[in-house]
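Input: a single structure, listed below in structure tokens.
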Amino acid sequence: MTKSIILVGVGGQGTILASKVLSVGLMRAGYDVKMSEIHGMSQRGGSVTTHVKFGKKVYSPVINDHEADILVSFEKVEAARWIGYLKAGGTLVVNDYEIHPLSVLTGEAKYPEDVIGKLKAEVPNTIAFNAAQIAAGLGNVKAQNIVLLGALTKGMKLDETDWPAVLKDLIPPKLYDLNIKAFAAGADQLK
Amino acid sequence: MKEIMTGNEAIARGAWEGGCHVAAAYPGTPSSEILENVSQYKEIDSEWSTNEKVAVEVASGASLGGARALAAMKHVGLNVAADPIFTMSYIGVNGGLVVITADDPGFFSSQNEQDNRWYALHAKLPMLEPSDSQECLDFIRDAFELSERFDAPFLFRVTTRICHSKTIVELGERTEVPIKPYDRDPKKCVMQPSSAKPRRYFIETREKDMREFSNNCKYNRVEWGSERKIGIIANGVSYQHAREAFEDMGDSVSFLKLGFTYPLPDKLIEKFASEVETLYVVEENEPYIENFTRQLGIKCVGREKLPAVDELNAGIVRGALRGSESAKGYSVDVVSPPRPPVLCPGCSHRGIAFALSKYKDIVVSGDIGCYTLAVMPPLNVTDSVICMGASISAGSGFSKAFRKAGEPASGKKVNKVFGMIGDSTFFHSGITGLINAVVNKSPVALCIVDNRITAMTGHQENPGTGRTISGEPTQRIDLVSLCVACGVKPENVRKIDPYDLKSMEKDIKDAYNADEVSVLITTQPCALIKDVQRKRANVHCAVDQNLCIKCKGCMRVGCPALSFRDGHIEIERSMCNGCTICAQVCPKGAISQVGEFND
């Protein structure tokens with residue numbers, strides 16, 4: 001049975017690196033894996049989505065509407081924007097963190113209120129916490145992506161993979177310790 | 001060894017394994033990473049060419065000289081390179097030649113959704129279409145040899161979902177192929193009527209041979225299911241979507257998977273169709289396979305059910321062909337504000353765009369690059385974007401129309417046409433337009449927004465950067481002397497600092513008033529260049545809340561580092577690079593640059 005995970009966020013938040021670590025870890029666990037990313041103009045602060053699918057045999061690299069088992073959102077309104085991907089009964093992992101788009105910054109649009117509350121009311125399996133704050137506490141807000149990854153892999157019980165080894169292979173040495181801590185701190189969120 | 005690779009990485013690997021010697025490309029999403037990865041293999045002589053036509057010509061010459069060569073580009077790049085590919089089809093090859101086109105169904109980062117499979121049909125070029133990264137590697141590895149065997153350049157057609165999806169690949173080793181001997185052969189290589197006509201007959205023979213091959217090759221294969229009720233013909237990523245759409249029916253469905261899609265395999269399609277009850281053709285965008293199938297007199301279901309626009313996915317295929325209801329999901333009562341890409345904080349295009357936004361009686365003829373983002377509020381600068389290089393030439397046309405129009409009875413009164421083009425785009429195809437404007441006396445004011453990199457596609461070198469794809473120092477082409485050489489009067493070519501609104505004012509005004517071609521060249525590099533980031537790491541702008549009158553004038557520059565929160569203007573320090581455009585528009589001097597520049 002193929003499992004589908006969609007990771008969404010804002011350009012610059014590290015969704016693509018998190019997806020890469022996830023994909024390599026799943027491959028090393030013996031699964032067929034496909035990952036599809038849309039990053040054409042992501043560096044310019046746009047909305048970014050990455051699809052990861054794994055199982056015995058995966059065909060399409062793309063997740064269909066209402067068919068993701070898990071939606072990991074690196075930002076609150078992005079969770080609401082992409083919620084249509086999540087299947088009924090699926091799990092939402094959401095970073096309780098705001099990045100204001102230009103329309104909000106200029107006062108043209110409002111950043112919606114109580115996003116987490118509304119998500120929780122609709123999606124029973126919602127896990128919300130502030131990964132940015134946890135990462136900042138560890139010394140670098142940029143590690144929020146690996147905090148979220150730690151929570152995701154823990155929640156999915158993907159323990160056949162040696163995640164620290166995967167991180168070691170994919171993350172620059174000087175950031176390794178930080179990211180190992182971030183990964184563990186994320187996993188702790190689900191204890 | 002197994003690795004998980006994007007299609008682009010796998011293409012590079014396959015080219016290396018297949019003995020490729022020379023590679024040339026112009027960057028363009030989703031193709032850019034192909035050459036970035038190819039250039040990592042030292043056995044391949046790689047280059048960023050000035051445009052796609054040049055890239056194909058470089059690869060063509062390398063092929064004729066005996067090397068295995070490739071050229072890579074996005075779909076619209078093949079329009080630029082159309083001239084050489086049509087005639088290279090006549091000439092054929094010496095060393096294997098592969099032209100990669102990366103199409104963009106779904107417009108993820110393109111100005112149109114053209115389906116370049118028609119080029120194969122039109123130029124009579126054999127075409128391969130992989131459906132995952134393993135096939136990217138295998139197909140291109142084989143393509144060089146096939147190209148030599150059929151004496152034909154190969155078109156290698158991929159799409160965004162192939163280029164940017166990672167799938168697992170088995171890696172092989174490089175087959176070292178010697179450069180083929182070169183012997184002068186004008187009858188084959190000098191295309192003028194007396195030699196081209198015999199080659200035209202040769203193409204007809206080649207077509208027959210290749211169609212025979214297409215009917216019997218491993219790239220086109222029938223995957224019989226346990227039943228013959230439903231048969232599906234599919235290519236590329238559509239094959240994967242179709243497989244998933246029928247996955248719950250076990251192995252009952254039969255597939256004809258096509259990977260060699262020009263010439264299409266007539267016999268194979270006929271045989272497959274004759275054995276199944278209902279035949280579907282699943283392909284994105286144009287009915288390329290479907291039209292051919294119908295021409296064979298075969299009934300099939302395709303475009304009448306599947307959408308012509310946008311990319312497919314398994315859900316769309318399932319819904320269209322099986323009428324299955326889609327799965328149930330959630331919707332949340334939250335209106336997510338749109339998050340389109342925007343000019344970055346510190347972007348060197350912001351200042352010039354802001355300065356142009358002050359002129360209400362101009363048309364800005366735009367071009368392809370980050371600066372296209374200035375079209376959005378609050379800057380609202382740019383009237384048209386057509387294709388690479390069109391800013392100056394379409395601007396010439398605009399000015400001709402407005403000159404004829406005189407005083408308009410209605411509509412906008414336009415007193416001046418500006419063009420806006422990036423450095424890489426100017427080298428790509430702006431130069432001819434500039435010469436044209438000078439010679440034909442179209443008094444356009446061209447802004448070359450020179451940020452010293454090909455930014456939008458992820459920071460590739462270009463003729464203005466002074467580095468090759470491998471980072472080697474090389475001759476840097478000087479824009480000022482180039483524009484003067486194009487015939488623009490030296491006094492009309494000015495360098496301007498886009499971080500300094502006041503100093504730009506006079507030069508922009510002069511350009512506005514000029515009755516001949518003028519060029520303004522901006523001098524600040526892209527804020528995302530590593531060295532620029534390092535130099536400005538400790539510089540940023542800060543708001544003195546005691547002086548700020550909360551007029552929000554600074555927000556008109558459209559910088560994402562600025563926000564109005566809880567009644568205060570704030571500048572996000574981690575985003576700001578201290579460009580000071582916001583400070584320069586503040587009427588009260590409430591914003592100032594703080595911190596020190598690094599050496």
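The values are calculated or read from the model by the stated rules, or taken from the named source; none is laboratory data. Not measured: the values here are computed from a predicted model. FYI the Cβ positions are ideal-geometry reconstructions off the backbone, even for glycines, and counts take in every protein chain you see. Accessible surface is based on the protein model in full, side chains and every heavy atom, while ligands, DNA and RNA are left aside. Shrake-Rupley method; radii C 1.70, N 1.55, O 1.52, S 1.80 Å.
Hey, among the residues in region A:94-126 that are over 30 Å from B:R556 (Cβ atoms) and open to solvent by 50 Å² or more (accessible area, probe 1.4 Å), which one's farthest from the other protein chains (Cβ to nearest Cβ)?
A:D96
Within region B:411-424, can one find any residue that is surrounded by fewer than 16 Cβ atoms within 10 Å (Cβ to Cβ), over 22 Å from B:A25 (Cβ atoms) and without any contact (Cβ under 8 Å) to a residue 24 or more places away in the chain?
yes
Being free of Cβ contacts under 8 Å to residues at least 40 places away in the same chain, closer than 16 Å to B:R322 by Cα and more than 14 Å from every other protein chain (Cβ to nearest Cβ) narrows it down to one residue among B:S274, B:S254; which is it?
B:S254
Looking at region A:8-93, what strands (runs of 3 or more DSSP E) fall wholly within it and have at least 2 residues that are more than 7 Å from chain B (Cβ to nearest Cβ) and surrounded by fewer than 24 Cβ atoms within 10 Å (Cβ to Cβ)?
Passing ranges, in order: A:47-55, A:68-73.
What do you reckon, is B:C579 assigned to a loop (DSSP other than H, G, I, E, B) and either under 21 Å from B:L379 (Cβ atoms) or of a type in the set (F, W, Y) (or both)?
yes
Going residue by residue through region B:186-195, is there one that turns out to be at pLDDT 95 or above, closer than 16 Å to B:G92 by Cβ and of a type in the set (D, E, K, R)?
yes
Take B:A511 and decide whether it is crowded, with 20+ Cβ neighbours inside 10 Å, in contact (Cβ under 8 Å) with a residue 40 or more places away in the chain, small (G, A, S) and in a helix (DSSP H, G or I).
Criteria met by B:A511.
What is the residue count in region B:459-470 for residues that are open to solvent by less than 30 Å² (accessible area, probe 1.4 Å), part of a loop (DSSP other than H, G, I, E, B) and in contact with a strand residue (DSSP E or B) (Cβ under 7 Å, 6 or more places away or on another chain)?
So the answer is 2.
Any chance region B:471-490 includes a residue that's part of a helix (DSSP H, G or I), surrounded by fewer than 20 Cβ atoms within 10 Å (Cβ to Cβ) and of a type in the set (K, R)?
Scanning region B:471-490, I find no residue that is part of a helix (DSSP H, G or I), surrounded by fewer than 20 Cβ atoms within 10 Å (Cβ to Cβ) and of a type in the set (K, R), so the answer is no.
Of the residues that make up region B:349-364, is at least one open to solvent by 50 Å² or more (accessible area, probe 1.4 Å) and under 30 Å from B:D531 (Cβ atoms)?
No, region B:349-364 contains no residue that is open to solvent by 50 Å² or more (accessible area, probe 1.4 Å) and under 30 Å from B:D531 (Cβ atoms).
Could you check, for region B:292-313, whether at least one of its residues is open to solvent by less than 30 Å² (accessible area, probe 1.4 Å), more than 14 Å from chain A (Cβ to nearest Cβ) and more than 30 Å from A:H66 (Cα to Cα)?
So far as region B:292-313 goes, yes, one or more of its residues are open to solvent by less than 30 Å² (accessible area, probe 1.4 Å), more than 14 Å from chain A (Cβ to nearest Cβ) and more than 30 Å from A:H66 (Cα to Cα).
Name the one entry in B:Y119, B:Y182, B:Y90 that is outside any loop (DSSP other than H, G, I, E, B) and more than 24 Å from B:N285 (Cα to Cα).
B:Y90
Which number in (1) in contact (Cβ under 8 Å) with a residue 24 or more places away in the chain; (2) surrounded by 15 or more Cβ atoms within 10 Å (Cβ to Cβ) marks the one condition that B:S384 misses?
Unmet condition: (1).
Can you tell me which residue is nearest to A:S36 (Cα to Cα) among those in region B:151-186 that are among the acidic types (D, E) and open to solvent by 80 Å² or more (accessible area, probe 1.4 Å)?
B:E170
For region A:130-173, give me every one of the helices (runs of 4 or more DSSP H) that falls completely inside it and has 3 or more residues that are surrounded by fewer than 20 Cβ atoms within 10 Å (Cβ to Cβ).
Where helices (runs of 4 or more DSSP H) fall fully within region A:130-173 and carry at least 3 residues being surrounded by fewer than 20 Cβ atoms within 10 Å (Cβ to Cβ), they are A:131-138, A:163-170.
Taking the criterion of being more than 11 Å from every other protein chain (Cβ to nearest Cβ), among the polar types (S, T, N, Q) and touching a Lys or Arg at 6+ places or on another chain (Cβ under 6 Å), would at least one residue in region A:158-170 satisfy it?
Yes, that holds for at least one residue.
Restrict the check to region B:138-148 and report whether at least one residue is out of contact with any Gly (no Cβ under 6 Å at 6 or more places or on another chain), over 18 Å from B:T6 (Cβ atoms) and among the small types (G, A, S).
Yes: one or more hits.
Say we look at region B:535-575 and pick out the residues that are more than 13 Å from every other protein chain (Cβ to nearest Cβ), in contact with a strand residue (DSSP E or B) (Cβ under 8 Å, 6 or more places away or on another chain) and not small (G, A, S); which of these is farthest from A:E108 (Cα to Cα)?
The residue in question is B:V539.
Can you tell me which residues in region B:340-367 are under 22 Å from the mean Cα position of the chain (by Cα) and within 12 Å of another protein chain (Cβ to nearest Cβ)?
B:P340, B:P341, B:V342, B:L343, B:C344, B:C347, B:H349
In the set A:I38, A:I16, which member is modelled with pLDDT under 95, β-branched (V, I, T) and out of contact with any Leu (no Cβ under 9 Å at 6 or more places or on another chain)?
A:I38
Determine whether region B:318-332 contains at least one residue that is more than 12 Å from chain A (Cβ to nearest Cβ), open to solvent by 50 Å² or more (accessible area, probe 1.4 Å), farther than 20 Å from B:D248 by Cα and out of contact with any strand residue (DSSP E or B) (no Cβ under 9 Å at 6 or more places or on another chain).
No, region B:318-332 contains no residue that is more than 12 Å from chain A (Cβ to nearest Cβ), open to solvent by 50 Å² or more (accessible area, probe 1.4 Å), farther than 20 Å from B:D248 by Cα and out of contact with any strand residue (DSSP E or B) (no Cβ under 9 Å at 6 or more places or on another chain).
From the list B:I496, B:I529, B:I549, which one is in contact (Cβ under 8 Å) with a residue 24 or more places away in the chain and in contact with a helix residue (DSSP H, G or I) (Cβ under 8 Å, 6 or more places away or on another chain)?
B:I496
Could you count how many residues in region B:329-374 are over 30 Å from A:E122 (Cβ atoms) and of a type in the set (S, T, N, Q)?
4
Please work out if B:P337 is in contact (Cβ under 8 Å) with a residue 60 or more places away in the chain, open to solvent by less than 30 Å² (accessible area, probe 1.4 Å) and of a type outside the set (G, A, S).
No: the conditions fail for B:P337.
From the list B:D138, B:D151, B:D115, B:D103, which residue is within 16 Å of B:A12 (Cβ to Cβ), modelled with pLDDT of 95 or more and of a type outside the set (F, W, Y)?
Answer to the check: B:D138.
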